[in-house]
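Enquirer: The structure under discussion is supplied below as structure tokens; questions concerning it will follow.
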Amino acid sequence: GGIFGGLGAIAAGELGFIAAVAVGAVGGFVGGFAGTLLNGGSLGDAFKAGVIGGITGAVTAGVTHGIGNIKMGSENIALKAAEYSENPGLYMLHKAAHGAVGGGISE
């Protein structure tokens, strides 16, 4: 996935679920494929790395999109930056959820 797979995760906040997953898959594939070729891998290795990156990017984007839609009671935890000052607990929960997903999927 690398940088290109991460673009899917970023886009997940601005796009619908299907579009976010598609962007994550494409970004992950391109990152894995290009990275392998640039490091001297064969075309077959590049394709394999691209498929793995695409799957990882799609999953990351889908889960990240879901985090943005989690609600606690009637409040969406993906609050606007200005609203975080009023509820720092939700801000910390939101950031912790994104960190857990990013760290967990990268392993």
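Enquirer: Using 7 Å Cα-to-Cβ label points, what is the Ser42/Tyr91 separation (nm, one decimal)?
Expert: 5.3
Enquirer: Another one. With a 1.4 Å probe and all protein chains kept in place, how do Phe33, Phe17 rank by accessible area, largest first?
Expert: Numbers: Phe33 55, Phe17 105 Å².
Listed by decreasing accessible area, they come as Phe17, Phe33.
The values are calculated or read from the model by the stated rules, or taken from the named source; none is laboratory data. Only a predicted model underlies this, so the values are computations on that prediction, with no experimental measurement involved. We place every Cβ from the backbone using ideal geometry, glycine too, and count neighbours over all the protein chains shown. Side chains are part of the model used for accessible areas, which takes the heavy atoms of the whole protein and leaves out ligands, DNA and RNA. Shrake-Rupley method; radii C 1.70, N 1.55, O 1.52, S 1.80 Å.
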